[in-house]
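Peer 1: There's a structure below that I have some questions on.
The values are calculated or read from the model by the stated rules, or taken from the named source; none is laboratory data. Because the structure is predicted, anything quoted here is derived from the model rather than measured. Note that each Cβ is placed from the backbone with ideal geometry, even for glycine, and that neighbours are counted across all protein chains shown.
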Ligand code: COA
C-alpha cells in the first residue's frame, strides 16, 4: 500500500504595517545601522501596536483562505506554534478557533520557540497521515515585541512580529509533500536563551518585573555557535538521509535569526545563495513565523514551484532544532 503523505495545500502570512527601522533603534539604544546590518543582516522589523499573537495568526489564516476557498468549519485541528501566546490559558489555538469560526476544530498550542513551526508541522502531519483528520491548520505566530526589552541593545535589534499559516491535507501523490523530518532538542541549552519570569518557577512579582525577567534573555555568543552547528548539521543530515546533493535542492528555507547563521548552513549544504530564502532584512527574527512567512512570500512571487525539493531548517531556544524535507505540491497562485 502506498504511503499516506501529508502535504501543504495552502499558505498565507501577515505582518503588521508599523515598521521599526535600524534608524529608529539608534534613537532608543546605543547601536547603529551598520553594526546591525553587518552582524545580523536586519534592516527593519514589523511591530504589532494593537492586538495579540492570535491577531497575527488570524491575519495569516485570512490571507491563506483568500487563495484556498474552504470554509473555516472544514478545519479539523488547529496547532499554534508560539512563545508569545495571548495568555497562558486559554490556548491561542482556542482564541483563533473562535475568531475564525472554525466550529468543528479542536486544537492546542505548541512551544518549540524558533523550531516551533517545524515541530508543529511534523505533529500535524501525523493526524493527516493516520487518517484521523483531513484538514490541519498549522500556525506559526509571535508578537516578539511583547517580550523584547527595548533598553537591551543585545536583543532588541533582533526581533519582530508576524504570523504564518499553512494547511495540511493528504497528498494526492505520495511522491509529493512532507518527505522527511529530523527534529532535536537539548535542554542543556536552556540557560543561554530564555524568558525567566512569569511561569511556575518565577511567578510574576514586583521583583521579577524590576529584574526585567519578563523579557527575552540571550547570551548571544554560545547561541550563535550552537545555531551554526545545529542548523548546518541537521540540514546536511537530512540531505544525506535522502541522498540529495545541493543540485537536487531548489530552496533552503532557513529560520531567520542571523544572516551569518543562514550563510553557514547554505555553505555546509553546498547550496548557492540564489537558492536560499532570505527576508530577515525586512522582518528580523519573528520566531515561529519565519519559515511560513518565507514559504508564503516565495509562493506568492511564483518562485516556489510544484515539484521543487525544499529543505526547511531551524534552530532556537531549548535548544531546539531540526530540518524538514518537502517536495512542494502547490501550484502557483492564479494571476
Ligand atoms: N549595537 C552595537 N554594538 C553591540 C550591539 C548593538 N546592537 N549589541 C552588542 N554589541 C556589542 C557588544 O556589546 C560587544 O561589545 P564589547 O566587545 O565591547 O563587549 C560587541 O558588540 C560584540 O558583541 P558580540 O555579542 O560578540 O556580537 P556577535 O557578533 O556575537 O553578535 C548577536 C551578537 C546577538 C547578533 C549574535 O550573537 C547572534 O546572532 N546570536 C544568535 C542569535 C540566534 O540565533 N538566536 C537563536 C534563535 S532565536
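Peer 1: Does residue 302 count as at positive phi and assigned by TED's automatic domain parsing to the domain that holds residue 194?
Peer 2: The answer is yes for residue 302.
Peer 1: Could you check, for the range 195-218, whether at least one of its residues is within 26 Å of residue 78 (Cα to Cα), within 16 Å of the ligand (Cβ to nearest atom) and surrounded by 15 or more Cβ atoms within 10 Å (Cβ to Cβ)?
Peer 2: Within the range 195-218, one or more residues are within 26 Å of residue 78 (Cα to Cα), within 16 Å of the ligand (Cβ to nearest atom) and surrounded by 15 or more Cβ atoms within 10 Å (Cβ to Cβ).
Peer 1: Which residues, counting only those in the range 269-288, are within 16 Å of the ligand (Cβ to nearest atom), in a helix (DSSP H, G or I) and surrounded by fewer than 19 Cβ atoms within 10 Å (Cβ to Cβ)?
Peer 2: The one that is within 16 Å of the ligand (Cβ to nearest atom), in a helix (DSSP H, G or I) and surrounded by fewer than 19 Cβ atoms within 10 Å (Cβ to Cβ): 281.
Peer 1: Exactly one condition in (1) surrounded by 17 or more Cβ atoms within 10 Å (Cβ to Cβ); (2) within 14 Å of residue 249 (Cβ to Cβ) is not met by residue 295; state its number.
Peer 2: Of (1) surrounded by 17 or more Cβ atoms within 10 Å (Cβ to Cβ); (2) within 14 Å of residue 249 (Cβ to Cβ), only one is false for residue 295: (2).
Peer 1: Let me ask you something else. Residues being at pLDDT below 95 and within 16 Å of the ligand (Cβ to nearest atom): count how many of those fall in the range 1-46.
Peer 2: Number satisfying all stated conditions: 0.
Peer 1: So is residue 55 in contact with a helix residue (DSSP H, G or I) (Cβ under 9 Å, 6 or more places away or on another chain), at pLDDT 95 or above and surrounded by 24 or more Cβ atoms within 10 Å (Cβ to Cβ) or not?
Peer 2: Working: in contact with a helix residue (DSSP H, G or I) (Cβ under 9 Å, 6 or more places away or on another chain): yes; at pLDDT 95 or above: yes; surrounded by 24 or more Cβ atoms within 10 Å (Cβ to Cβ): no.
Judged against the criteria, residue 55 is not a match.
Peer 1: Mind checking which pairs have a first residue in the range 201-230 that is on the phi > 0 side of the Ramachandran plot and not assigned by TED's automatic domain parsing to the domain that holds residue 254 and a second that is within 16 Å of the ligand (Cβ to nearest atom) and in a helix (DSSP H, G or I), Cβ under 6 Å, 6 or more apart or different chains?
Peer 2: none
Peer 1: Still on this structure, I have one more. Is it true that some residue in the range 314-331 is touching a strand residue (DSSP E or B) at 6+ places or on another chain (Cβ under 8 Å) and in a helix (DSSP H, G or I)? Spell out how you get there, then give the answer.
Peer 2: Pass one, the range 314-331, residues touching a strand residue (DSSP E or B) at 6+ places or on another chain (Cβ under 8 Å): 314-330.
Right, trim to in a helix (DSSP H, G or I) and you get none.
Checking the range 314-331: not a single residue is touching a strand residue (DSSP E or B) at 6+ places or on another chain (Cβ under 8 Å) and in a helix (DSSP H, G or I).
Peer 1: May I ask you to say which residue of 226, 162 is under 30 Å from residue 69 (Cα atoms) and touching a helix residue (DSSP H, G or I) at 6+ places or on another chain (Cβ under 8 Å)?
Peer 2: Selected residue: 162, the only one of 226, 162 that is under 30 Å from residue 69 (Cα atoms) and touching a helix residue (DSSP H, G or I) at 6+ places or on another chain (Cβ under 8 Å).
Peer 1: Please go through (1) under 17 Å from the mean Cα position of the chain (by Cα); (2) within 16 Å of the ligand (Cβ to nearest atom) for residue 58 and return the number of the only condition it doesn't satisfy.
Peer 2: Result: residue 58 passes all but (2).
Peer 1: Moving on to the next point. What strands (runs of 3 or more DSSP E) lie completely within the range 160-260 and have 3 or more residues being closer than 19 Å to residue 286 by Cβ?
Peer 2: Filter on the range 160-260 gives 161-170, 251-254.
Peer 1: Could we say that residue 136 is farther than 27 Å from residue 16 by Cα and surrounded by 24 or more Cβ atoms within 10 Å (Cβ to Cβ) here?
Peer 2: Details: farther than 27 Å from residue 16 by Cα: no; surrounded by 24 or more Cβ atoms within 10 Å (Cβ to Cβ): yes.
Criteria not met by residue 136.
Peer 1: Being in contact with a strand residue (DSSP E or B) (Cβ under 6 Å, 6 or more places away or on another chain) and part of a loop (DSSP other than H, G, I, E, B) narrows it down to one residue among 141, 133; which is it?
Peer 2: Testing whether each residue is in contact with a strand residue (DSSP E or B) (Cβ under 6 Å, 6 or more places away or on another chain) and part of a loop (DSSP other than H, G, I, E, B) leaves just 133.
Peer 1: State all residues of the range 294-313 that are in a strand (DSSP E or B) and more than 16 Å from the ligand (Cβ to nearest atom); if no residue qualifies, say none.
Peer 2: If the condition is that a residue be in a strand (DSSP E or B) and more than 16 Å from the ligand (Cβ to nearest atom), then 309, 310, 311 are the ones that fit.
Peer 1: Let me ask something additional. Which count do you get for residues in the range 64-91 that are under 18 Å from residue 286 (Cα atoms) and touching a strand residue (DSSP E or B) at 6+ places or on another chain (Cβ under 7 Å)?
Peer 2: Count: 7.
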